[in-house]
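Enquirer: Following this message is one structure expressed as structure tokens.
Just so you know, all these numbers are worked out from the coordinates, no wet-lab data involved. Quick caveat: nothing in here was measured; it's all calculated off a predicted structure. Backbone-built Cβ (ideal geometry, glycine too); neighbour counts: all protein chains shown.
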Amino acid sequence: MDLKGILAISGHQGLFKLISQAKNSIIVESLIDKTRMPAYASTKISALDDIAIYTDEEEVPLKTVLKNMFEKEKGKQSISHKASNDEIKSYFEEILPNYDKDRVYVSDMKKIINWYNILHQVNLLNTKESEPAKVAEEIL
């Protein structure tokens with residue numbers, strides 16, 4: 001699973017892929033409908049690769065959380081991000097039991113579940129591609 005170049009942009013639904021850089025902006029493409037648009041420096045842009053989730057011990061990279069979801073769902077879609085708050089919390093406890101309940105809000109959980117479903121929809125959750133060590137072992 002490679003999250004490099006996948007972005008969340010404040011004020012815009014869904015996820016975006018970095019296409020190129022312009023003079024005072026970047027050009028991004030929606031993963032859902034493939035429309036392109038500029039994202040300016042004044043816009044809050046978060047790279048999924050840089051996001052981590054607070055736990056009681058340490059911060060866990062988003063990539064690990066998405067991998068846990070992928071394994072729990074056996075490669076299928078997860079629950080809807082529009083499920084009830086109680087369902088979202090219990091689901092999140094299954095995939096990351098020690099998440100920091102004071103600093104990780106239900107809105108954050110919903111966002112992560114939505115991102116997982118979008119990445120699943122566009123087939124970017126292939127975990128086998130990102131494990132070259134296992135591939136090397138199989139060859140040997």
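Enquirer: DSSP loop GluC sites (Glu not before Pro) in segment 4-68 with at most 16 other Cβ atoms within 10 Å of their Cβ, which ones?
Expert: Working: sites: Glu29, Glu57, Glu58, Glu59; in loops: Glu57, Glu58.
Loop-located and lightly packed - Glu57, Glu58.
Enquirer: A follow-up question, please. Suppose only helical runs count, i.e. DSSP H with n ≥ 4. What mean residue ellipticity at 222 nm does that imply for the chain under -39500 (n - 2.57) per run, divided by all residues and rounded to the nearest 500 deg cm²/dmol? Write down the numbers at each step before the final one.
Expert: Details: 4 runs with 46 residues, N = 140.
Mean residue ellipticity, 222 nm, calculated: -10000 deg cm²/dmol.
Enquirer: Can you put Ser84, Ser25, Ser30 in order of Cβ neighbours within 10 angstrom, beginning with the fewest?
Expert: Values: Ser84 10, Ser25 15, Ser30 18.
Result, fewest neighbours first: Ser84, Ser25, Ser30.
Enquirer: Can I ask one more? Quick one: Karplus J couplings for segment 47-54, per residue in order, coefficients 6.51, -1.76, 1.60, θ = phi - 60°, nearest Hz, x for Gly and Pro?
Expert: Coupling constants for segment 47-54: 7, 4, 5, 9, 7, 9, 10, 5 Hz.
Enquirer: Now, a different point. Filter the cross-link list Lys4/Lys34; Lys23/Lys67; Lys44/Lys76; Lys34/Lys111; Lys44/Lys74; Lys67/Lys111 down to pairs whose alpha-carbon distance in this structure exceeds 25 Å. Numbers along the way, then the final one.
Expert: Details: Lys4/Lys34 18 Å; Lys23/Lys67 36 Å; Lys44/Lys76 30 Å; Lys34/Lys111 20 Å; Lys44/Lys74 33 Å; Lys67/Lys111 16 Å.
Over 25 Å apart, Cα to Cα: Lys23/Lys67; Lys44/Lys76; Lys44/Lys74.
Enquirer: Further, regarding this structure: So for the pair Thr64, Ser20, with labels modelled 7 Å out along Cα→Cβ, what separation do we get in nm?
Expert: For Thr64 paired with Ser20, the spin-label model returns 3.8 nm.
Enquirer: Can you pull the three principal axis extents for the Cα set of segment 6-48, in Å, largest first?
Expert: Taking the Cα atoms of segment 6-48, the three principal extents are 26, 17, 16 Å.
Enquirer: How many percent of all Cα-Cα pairs in the chain sit more than 17 Å apart? Walk me through the numbers on the way to the answer.
Expert: Numbers: 6146 of 9730 pairs.
That fraction is 63 percent.
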